[in-house]
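I have placed the structure first, in the form of structure tokens, so that the comments after it can refer back to it.
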């Protein structure tokens, strides 16, 4: 048990230490020449959970794969960059267009025809990659191919720079660019140096580019989002275990089990130790279940579940099934032969193994009540993408479930004060049934967005939730009844009245959302604001600047901290954050009034006045565009390369809090913003 917990702890520590530098695509280039013809082939290997965009993507979408020739001599292009077969075509709900991408592996081919004599093919392949939470900036793979072709040479043509456009863009796909004859050579920047004046404008703020990776890591390790999310997962599991205790499948078993242990041994000390081991056995059983989910799916699959349409539809159906069971439609039970065999084995076994088998019997007998709660918990935790989430959630669930068995064994007199079984436990089951159905809609919403069905827009989602929680309030007031309810119950107890009051008030609270009110309490569950057809809400947030030095100078003049927003035009989750989190009134007010928001687009194709050559980890590469510059800033200064990436900084460019990535929890984002403001004031 100790080794298991130690392994879990070390795994969590390893997860927290994981850097935010991603390199999910590996490119290998080969060149084939056959007489007068040749072709460049780029073979891509893509990590699990990531996808690489193809060439056939229209303007305004994510980063498409393109090839750019900076030097093309002794050869001419034949056709355009051609992707391999096997691309996946889907409707992207954020960009509102069809996109095409590869998973696992892909290849791109560019054919050329030699014009005779020596040839030089120099340029780069640019591509973009995303997973379900992050996107890398446009990445360039450079190539320089030289040789001699044994063909008749035609009349010499002036050198030209040729850039190929994506296949889906109309008109000319090969666009010649004139060569700058007097262009200065690119300046080499060593990674250990500050970015020189060619990158940082001459405004006295060159220290703004100083790397702050260690300072940022100090904030991350002192209170990281991963740590907080695991604590939330644990508390969610503990709450689920507590609710399972109050169901008619578990609560009546507690006094019988404790009495059995106290009567089984003549020594009360031994009876207590056996009851404690019984509780530990429950914890181990459910912890193994959580670890099994992680092992079965794997880290990348758990991450992919968060937006995978097929899995989310399955989860939606599963939760609807559990909800109908809790409402009394039918009883979910495991085969009785399973329970009988385990029970018989426990009776014929002695020692601690028999106690462990008794605990396993409890998990089987109580499945009809605990199964839906465990199912909901594993579904919710798994789709967060956290590797250790299922194990941590099950640990919390099991501790809550095992605690009363141990507590009543230590203090048996407390059994007399415990409430007796009754109709109140059935009420709890029905309430849980309503909750399961409500959360099932969340998972259907993910699939709806992925396929672009638009069946569950925000106002439709809110309308169903309003009706659900209104019906729950009416049920608690005994106005509507279900098959397994006590027909003779006419009066409403005081606890049921207050729960009904909360449920009905919550339904009323959501009504303004039908006209566009943010309803921040449910922003983490409802579809994004942009899915709503009728929206009277207008509270969009716009950046103060899209230039780092200019924005930092503005922040210094105003005496405010800066919020750096590393984003991209083709970043899906960046748009989700802006439409789901930044539209919150409190978030919008803080970003507009207390910060200078600087949005740096890492896929901005505006050319730099002079290309800049930098050296990172011994590899030289060129910064050709504004987006290249901001992408290099993010890597060089903050040690990260995924978007969205938010970090508050003071007027000298030092971080004021840890970074924040894709997380639609509004309260967490507000806490992140306030932490930066508090540290700036200090």
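The values are calculated or read from the model by the stated rules, or taken from the named source; none is laboratory data. Note that the structure is predicted; figures quoted are calculated from it, not measured. Neighbour counts run over all protein chains shown; Cβ positions are idealised from the backbone, glycine included.
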(message) Out of everything in segment 73-97 that is in contact with a strand residue (DSSP E or B) (Cβ under 7 Å, 6 or more places away or on another chain) and free of Cβ contacts under 8 Å to residues at least 24 places away in the same chain, what residue ends up being surrounded by the most Cβ atoms within 10 Å (Cβ to Cβ)?
(response) 86
(request) Collect the residues in segment 603-636 that are touching a helix residue (DSSP H, G or I) at 6+ places or on another chain (Cβ under 6 Å) and either in the same structural domain as residue 63 (by TED's automatic domain parsing) or assigned to a loop (DSSP other than H, G, I, E, B) (or both), keeping them in residue-number order. (result) 603, 604, 606
(message) Tell me the residue from 591, 564, 597 that is surrounded by fewer than 24 Cβ atoms within 10 Å (Cβ to Cβ), at pLDDT 90 or above and in a strand (DSSP E or B), please.
(response) 597
(message) Take the conditions modelled with pLDDT of 85 or more and farther than 23 Å from residue 604 by Cα and apply them to residue 119. Does it pass?
(response) yes
(request) Select the helices (runs of 4 or more DSSP H) contained entirely in segment 284-370, then report the ones holding at least 1 residues which are modelled with pLDDT of 70 or more and assigned by TED's automatic domain parsing to the domain that holds residue 404. (result) 309-326, 352-365
(request) Can you work out which of the residues in segment 143-161 that are at pLDDT 70 or above and buried (at least 16 other Cβ atoms within 10 Å of the Cβ) is farthest from residue 569 (Cα to Cα)? (result) 149
